[in-house]
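Trainee: Structure incoming, see below.
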Amino acid sequence: MPIRVILPADPVLALPEQEVVARLYARRQNPTGWLYLVGLPAYRNGENEAVEAAEYRVWVRAPEHVQPVDGIDYDQIPTEPLPPAPPKSVVREVLGERRPSGWVLAKVREGRGPVHGVLHTPDCEDAPQGAPLLDLQRALDVAENPGTRLCTLCGCAQELTPMIRGFDHIGDS
């Protein structure tokens, strides 16, 4: 199918945009819009210094680089729309988006003596910026230290306490 392709301007040669008629082979939708596979007419060198008609195929953006030819029906062109978005899970709708995984330790020095710490989730507003991310086992090891507290504002205490003390204590006050 013929389609008009707008070629870019050439500032070195002081040429404005130009328009050529090319062949349209396919259309593909992506998250930012549509791409059209077009075949631009060109020449190539053959054997014995022959010059042959050729075609240069390239994906271009629509509608920035292509315009329809009047009277042409493009319904027969292979078209790949974006696949439908996967349905949002009921669990994700109820619980919301997941927080970043892991925990971070904020070191606190209170006067003389050993350094104490507070464990936070990475997205806690009190979490130190740039602190290394601790995996579950390392966070549990740090949490068992008597000088470490678990932040109750970000949910760190609610996540790790059952794993440290077991789930039976949850009903205890």
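Trainee: With label points built 7 Å along Cα→Cβ from the Cα atoms of GLU19 and ALA50, find their separation and express it in nm.
Mentor: 3.5
Trainee: Once the Cα gyration tensor of region 1-101 is diagonalised, what are the square roots of 5 times its eigenvalues, in whole Å and ordered largest first, as equivalent ellipsoid semi-axes? Please list the in-between numbers first.
Mentor: Values: eigenvalues 327, 60, 49 Å².
Square roots of five times the eigenvalues give 40, 17, 16 Å.
Trainee: Considering only DSSP states other than H, G, I, E and B, which trypsin sites (Lys or Arg not before Pro) in region 1-97 qualify as loop sites with at most 10 other Cβ atoms within 10 Å?
Mentor: For trypsin sites (Lys or Arg not before Pro) across region 1-97 that sit outside H, G, I, E and B with at most 10 neighbouring Cβ atoms in 10 Å, the list reads LYS88.
Trainee: In degrees, nearest 10, range 0 to 90: what is the angle between the Cα axis of helix 156-165 and the longest Cα principal axis of the chain?
Mentor: The helix 156-165 is inclined about 50 degrees to the chain.
Trainee: Could you tell me what percent of the accessible area of the chain is made up of carbon and sulfur, with a 1.4 Å probe and every protein chain present?
Mentor: Of the solvent-accessible surface of the chain, carbon and sulfur hold 54 percent.
Trainee: Sequence-distant or interchain residues sharing an amide H contact under 5 Å with ALA26, placed H: which?
Mentor: LEU37
Trainee: Keeping all protein chains in place, calculate the accessible area per residue for the chain (probe 1.4 angstrom), answer in Å².
Mentor: 74
Trainee: Also, quick follow-up: HN-Hα J couplings of region 136-144 from phi, Karplus 6.51/-1.76/1.60, θ = phi - 60°, integer Hz, Gly and Pro as x?
Mentor: Whole-Hz 3J(HN,Hα) from phi for region 136-144: 4, 4, 5, 5, 5, 4, 5, 5, 6.
Trainee: Right, another one. For the chain, go through all pairs of different Cα atoms, get the mean of 1/r, take its inverse, and jot down that Kirkwood value in Å.
Mentor: Values: mean 1/r = 0.0438 Å⁻¹.
After inverting the pairwise mean of 1/r, the radius is 22.8 Å.
Trainee: Could you tell me which GluC sites (Glu not before Pro) in region 10-87 are loop residues by DSSP with no more than 11 other beta carbons within 10 angstrom of their beta carbon? Before the final figure, lay out each step's value.
Mentor: Details: sites: GLU17, GLU19, GLU47, GLU49, GLU52, GLU55, GLU64; in loops: GLU17, GLU64.
Answer by residue number: GLU17, GLU64.
Trainee: Rounded to the nearest 5, what is the percent of antiparallel bridges among the DSSP beta bridges in the chain?
Mentor: Here the antiparallel bridges make up roughly 85 percent for the chain.
The values are calculated or read from the model by the stated rules, or taken from the named source; none is laboratory data. The structure displayed is predicted, hence computed values, not measured ones. Methodologically, a virtual Cβ is constructed for each residue, glycine included, from the backbone with ideal geometry; neighbour enumeration extends over all protein chains shown. Quick note on the areas: whole protein, heavy atoms, side chains included, nothing else; ligands and nucleic acids left out. Shrake-Rupley method; radii C 1.70, N 1.55, O 1.52, S 1.80 Å.
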